[in-house]
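Undergrad: Submitted below is the structure of interest, expressed as C-alpha cells.
The values are calculated or read from the model by the stated rules, or taken from the named source; none is laboratory data. Small disclaimer: the values here were computed from a predicted structure and weren't measured. No Cβ is skipped: glycine too gets one built from the backbone with ideal geometry, and neighbour counts run over all protein chains shown.
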Amino acid sequence: MTAPNPRATGLRARSRVVRTDEDLLRLLPSAEEALAWVMRGEGLVGWGEAARFEPSGADRFEQADRWWRDYAAGIDCADEVGLPGSGPVAFVSMAFADDPGSSVLVVPQVLVGRRDGITWVTEIGEPAEGPFHAVEPVRKPSTIRYSEGELSVTDYRDAVEQAVKRMRAGELDKVVLAHDLVASVEETVDPRFLLHGLSAKYPSCWVFSVDGLVGATPEMLMRRQDSRVYSRVLAGTMWPHAGVDADELAQELLASAKNQGEHTYAVESLAEALRPFCSSMSVSPRPHVLRLPNVMHLASDVAGELAGESSLLRLAGAVHPTAAVGGTPRAKAVATITELEGMDRGRYAGPVGWVDANGDGEVGIALRCAQVAGSTVRLFAGGGVVPDSDPDTEVAEAAAKMIPIRDALERAD
Ligand SMILES: C=C(O[C@@H]1C=C(C(=O)O)C=C[C@H]1O)C(=O)O
C-alpha cells in the first residue's frame, strides 16, 4: 500500500501515438520492473513504478478493485489515443489462494501499447525520456541446475493417487493438482530473456511478466471491453508421443470421454459463475482442439453481454478459480489442493493481465509460467484429476506443461 494519494499530488498522465514498429518486448529497458502482456506483437509493456498495491485474503479482488478505481479516478489524463489500454493501466497478478499469498497491482510510469497496428505511449507523472529501447543488454543465463521444488515429483504422484482414491469414494468430482520445479542459475535471471523465447515459440499465447511471474498462457480467464466479456476455457490435455501424428492426437483428444468430462466441469464452472452478471451469454456447443507446440487442449469459448457495471477485477474475483485450475465442487477442490499439495502456489494459476481506468482489460490464467526471484526460477504445472486419472500420466502431463519455460530458459540464442 505504498501509493501516494493521487488526488493530493495532482498526478497527470498523457497517452499519445508514437511511430515505431519495434517489437514491444524489445522496448523493455531493463530486467527490473519488466511488465508485459503481449500476443502476436500487440498488447502492453511497461516499466517504472508509479504505484503498487498488494492485497491479500479472500476479498483481495474487491480490495484491488477499490484501490484501482480510487487511484485511477485521481489521475488527470490527457488520452489522445482512445483505444482499450490507452490511459492509465495497472498490471495485475492475483494469488491463487485466499491464504497464503499476496497479489500485486503495479502501475507503470511508462507504458507502451499496440493495437491494430497503432502504437502509443502513456506516461504517468513526469514525461519519460525517449527514445524507448533496451538500455541494459538482455542477460542470457549460463549454467542451469534443476532441483525439486516444495512438492517433489514423487510426492506429486502420491497426491494424485490420493485424489483419485477420494474421487472414487465420491468425495469430489475433479481437482487440479500441481507441483513445482526449481531452476537455479549462476546469475540473476533477466525476465526479458524468458519473454523473448516464449513469444517466439508460443505466438498464440499471451506472454506476460508481472512482478517476477513470467509465462505464456493459452487461457483467457476474462476479457472485458465495454459491456462485452469473453473467456476461453481450457481443460483436457494430450501431448505428442512417438508414433502418433498431430491430427490423430487431436482426434484422440476429442474422442476421450475422460478429457471431455474434465472439460465440461471447467466450462460449467465458468459459465455458472459468470451468468449472474450477464444479460445474455453464449457457450461453444462443443469444444475444439487448441494446438500448441508442447500440448493440445480441449477449448471452449464463452461470450457474454454484461447486465451491469461490474469491472474486470470483480468479474475475475467471481469466476476464480474455475475448475480448469481448481476443481468441482469448487470449495471442496480448493481445500483438497491445500491439503494434498501442501505448497504455496503463489500467483501461479491466478488471474494475470491488465486493467484500465474504465474497468476494462484482460486477465489470463497464469499458466506455463515461473516465479523469477534473483537467480532462482520456480516453475509450476499441473493438471485436472478425475476418478479415472492415472498418476504416471499426470506426472508426464505436468512435465509437458513445463516445457515452455524450460525451453525459453535453456535456449542457445
Ligand atoms: C493446470 C494447468 O493447466 C490447466 C489444466 C488443464 C488440464 O487439466 O487439462 C488444461 C489447461 C489448463 O486449464 C497448468 O498448465 O499447470
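Undergrad: I'm checking my understanding of the structure. Among residues of segment 260-279 that are under 18 Å from ARG314 (Cα atoms) and of a type outside the set (A, V, I, L, M, F, W, C), which one is farthest from the ligand (Cβ to nearest atom)? Break it down into steps so the answer makes sense when it comes.
TA: First, pick out the residues of segment 260-279 that are under 18 Å from ARG314 (Cα atoms): 269-279.
Keeping just the survivors that are of a type outside the set (A, V, I, L, M, F, W, C) gives 269, 272, 275-276, 279.
Details: SER269: 11, GLU272: 17, ARG275: 20, PRO276: 23, SER279: 27 Å.
If we take residues in segment 260-279 being under 18 Å from ARG314 (Cα atoms) and of a type outside the set (A, V, I, L, M, F, W, C), then SER279 is farthest from the ligand (Cβ to nearest atom).
Undergrad: Here's something else I'd like to know. In segment 362-385, what count of residues is obtained for those that are more than 30 Å from ARG228 (Cβ to Cβ), crowded, with 24+ Cβ neighbours inside 10 Å and either more than 19 Å from the chain's Cα centre (by Cα) or more than 14 Å from the ligand (Cβ to nearest atom) (or both)?
TA: Final tally of qualifying residues: 3.
Undergrad: Scanning for something within 12 Å of the ligand (Cβ to nearest atom), more than 26 Å from VAL395 (Cα to Cα) and modelled with pLDDT of 95 or more, does segment 220-239 turn up at least one residue? Before the answer, list the steps.
TA: The initial filter retains those residues of segment 220-239 that are within 12 Å of the ligand (Cβ to nearest atom), namely 220-221, 231-239.
When the remaining residues are screened for being more than 26 Å from VAL395 (Cα to Cα), the result is 231.
Subsequent filtering for residues that are modelled with pLDDT of 95 or more retains 231.
There is at least one residue in segment 220-239 that is within 12 Å of the ligand (Cβ to nearest atom), more than 26 Å from VAL395 (Cα to Cα) and modelled with pLDDT of 95 or more.
Undergrad: Based on what the data block shows, is PRO276 surrounded by fewer than 20 Cβ atoms within 10 Å (Cβ to Cβ), at pLDDT 95 or above, out of contact with any Asp or Glu (no Cβ under 9 Å at 6 or more places or on another chain) and over 24 Å from LEU28 (Cα atoms)? Lay out the reasoning, then the answer.
TA: Numbers: surrounded by fewer than 20 Cβ atoms within 10 Å (Cβ to Cβ): yes; at pLDDT 95 or above: yes; out of contact with any Asp or Glu (no Cβ under 9 Å at 6 or more places or on another chain): yes; over 24 Å from LEU28 (Cα atoms): yes.
In short, yes.
Undergrad: Test of understanding: among PHE96, PHE61, which residue is touching a His at 6+ places or on another chain (Cβ under 9 Å) and either among the small types (Gly, Ala, Ser) or assigned to a loop (DSSP other than H, G, I, E, B) (or both)? Before you say what the answer is, go through the steps one by one.
TA: Numbers: PHE61 fails: either among the small types (Gly, Ala, Ser) or assigned to a loop (DSSP other than H, G, I, E, B) (or both).
When all the criteria are applied, what remains is PHE96.
Undergrad: Go through segment 171-180 and give me each residue that's away from the ligand (no atom under 12 Å from the Cβ) and either crowded, with 20+ Cβ neighbours inside 10 Å or closer than 9 Å to PRO387 by Cβ (or both).
TA: The initial filter retains those residues of segment 171-180 that are away from the ligand (no atom under 12 Å from the Cβ), namely 171-173.
LEU172, ASP173 - these are the residues of segment 171-180 that are away from the ligand (no atom under 12 Å from the Cβ) and either crowded, with 20+ Cβ neighbours inside 10 Å or closer than 9 Å to PRO387 by Cβ (or both).
Undergrad: If I filter segment 293-308 down to residues being at pLDDT 95 or above and more than 16 Å from the ligand (Cβ to nearest atom), which single residue comes out as surrounded by the most Cβ atoms within 10 Å (Cβ to Cβ)?
TA: GLY304
Undergrad: For segment 71-103, give me each residue that is out of contact with any Gly (no Cβ under 9 Å at 6 or more places or on another chain) and buried (at least 22 other Cβ atoms within 10 Å of the Cβ).
TA: Once the filter is applied, which keeps residues that are out of contact with any Gly (no Cβ under 9 Å at 6 or more places or on another chain) and buried (at least 22 other Cβ atoms within 10 Å of the Cβ), segment 71-103 yields TYR71, GLY87, PRO88.
Undergrad: Something else about it: So, in segment 321-344, of the ones that are surrounded by fewer than 24 Cβ atoms within 10 Å (Cβ to Cβ) and assigned to a loop (DSSP other than H, G, I, E, B), which residue ends up nearest to the ligand (Cβ to nearest atom)?
TA: PRO321
Undergrad: I would also like to ask the following. Of the conditions (1) small (Gly, Ala, Ser); (2) more than 29 Å from HIS179 (Cβ to Cβ); (3) surrounded by fewer than 21 Cβ atoms within 10 Å (Cβ to Cβ), ALA318 fails just one. Which one is it?
TA: Here ALA318 meets the rest and fails (2).
Undergrad: Quick one: is VAL207 within 16 Å of the ligand (Cβ to nearest atom), surrounded by 21 or more Cβ atoms within 10 Å (Cβ to Cβ), under 17 Å from ALA324 (Cβ atoms) and under 20 Å from the mean Cα position of the chain (by Cα)? Before the answer, list the steps.
TA: On the way: within 16 Å of the ligand (Cβ to nearest atom): yes; surrounded by 21 or more Cβ atoms within 10 Å (Cβ to Cβ): yes; under 17 Å from ALA324 (Cβ atoms): no; under 20 Å from the mean Cα position of the chain (by Cα): yes.
Here the answer is no, as VAL207 does not meet what is asked.
Undergrad: THR2: among the β-branched types (Val, Ile, Thr), at pLDDT below 95 and under 27 Å from GLU136 (Cβ atoms), yes or no?
TA: yes
Undergrad: Out of (1) assigned to a strand (DSSP E or B); (2) more than 14 Å from the ligand (Cβ to nearest atom); (3) surrounded by fewer than 24 Cβ atoms within 10 Å (Cβ to Cβ), the odd one out for LEU290 is which?
TA: (2)
Undergrad: Looking at ASP390 and the list (1) within 16 Å of the ligand (Cβ to nearest atom); (2) touching a residue at least 40 places away in the same chain (Cβ under 8 Å), which single condition is not satisfied?
TA: Of everything listed in (1) within 16 Å of the ligand (Cβ to nearest atom); (2) touching a residue at least 40 places away in the same chain (Cβ under 8 Å), ASP390 misses just condition (2).
Undergrad: Determine which single condition GLY359 fails, assuming it passes every other condition in (1) more than 16 Å from the ligand (Cβ to nearest atom); (2) closer than 18 Å to TYR146 by Cβ.
TA: (2)
Undergrad: Do we find that SER256 is at pLDDT 95 or above, out of contact with any His (no Cβ under 6 Å at 6 or more places or on another chain) and within 14 Å of the ligand (Cβ to nearest atom) in this structure? Write out each step before concluding.
TA: On the way: at pLDDT 95 or above: yes; out of contact with any His (no Cβ under 6 Å at 6 or more places or on another chain): yes; within 14 Å of the ligand (Cβ to nearest atom): yes.
So SER256 fits the description; yes.
Undergrad: In this structure, does LEU105 turn out to be of a type in the set (A, V, I, L, M) and in contact with a Leu (Cβ under 8 Å, 6 or more places away or on another chain)? I'd like the intermediate steps shown before the answer.
TA: Working: of a type in the set (A, V, I, L, M): yes; in contact with a Leu (Cβ under 8 Å, 6 or more places away or on another chain): no.
Taking the combined requirement at face value, the residue does not satisfy it.
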